Amino acid sequence: MFSRPLKAAVAAAIAGAFSLTAAPAQAVQAAPADDPWAALVPTHAATGKYAYEPFAPQGGYARTTLCVPHMGYHYVNAQLRDDPAVDPAKPEVLLYEGGSNAGTRKLVGVEWIVPISATATAPTLFGRTFFKDTALGVYSLHAWIYKTNPNGLFEAYNPRVTCPA
């Protein structure tokens, strides 16, 4: 039979062990104000459901059959495209790579586009100025949130994105 002080010590040790397993290994720190990943949380939360490509059309994103080298397949939401508003949680384009069969594609990034005709100056988002694409008549900003881009998170082209042969 255990003595009362020993029982108390064992109970305290067990409680301490459980409290350590519930505590995070590192203290959570607030992201710096200039951390783009913190600003991209709404984007990631809104687009994560489209990681499974068949859900993209259900969200209003039209499939494409043309793969742009180092960008992938562009799935465009026409309703968002025609609205010049810029919202981190509502990118106009989802970017996929993978096979020529739509069901095998993987989400690699997102893109915001604003028609050039909608504004006199290039919009900004996440502290970045949109690229002016006169050939397509839009301002655009890419974010490679699902596949790392060695050239940078917001660069237009990602050399790691491939198109099928």
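The values are calculated or read from the model by the stated rules, or taken from the named source; none is laboratory data. Being a predicted model, the structure only gives us computed values, none of them experimental. Here the Cβ positions follow ideal geometry from the backbone for every residue, glycine too, while neighbour counts run over all protein chains shown. Surface areas here come from the heavy atoms of the whole protein model, side chains and all, with no ligands, DNA or RNA. Shrake-Rupley method; radii C 1.70, N 1.55, O 1.52, S 1.80 Å.
Across the range 19-74, what is the total count of residues that are modelled with pLDDT of 95 or more, touching a Gly at 6+ places or on another chain (Cβ under 9 Å) and in a loop (DSSP other than H, G, I, E, B)?
Qualifying residue count for the region: 1.
Please state which one of Asp87, Asp82, Asp35 is farther than 19 Å from Trp144 by Cα, free of Cβ contacts under 8 Å to residues at least 60 places away in the same chain and of a type in the set (D, E, K, R).
Of Asp87, Asp82, Asp35, the one residue that is farther than 19 Å from Trp144 by Cα, free of Cβ contacts under 8 Å to residues at least 60 places away in the same chain and of a type in the set (D, E, K, R) is Asp82.
Read through the list (1) free of Cβ contacts under 8 Å to residues at least 24 places away in the same chain; (2) of a type in the set (Val, Ile, Thr); (3) within 21 Å of Asp35 (Cα to Cα), then give the number of the only condition that Ile116 fails.
The failed condition is (3).
If Lys49 satisfies all but one of (1) under 22 Å from Val114 (Cβ atoms); (2) open to solvent by 60 Å² or more (accessible area, probe 1.4 Å), what's the number of the condition it fails?
The single condition Lys49 does not satisfy is (1).
In the range 107-153, how many are crowded, with 19+ Cβ neighbours inside 10 Å, outside any strand (DSSP E or B) and β-branched (Val, Ile, Thr)?
1
Evaluate the following for Lys90: is it more than 30 Å from Tyr52 (Cβ to Cβ) and among the charged types (D, E, K, R)?
Judged against the criteria, Lys90 is not a match.
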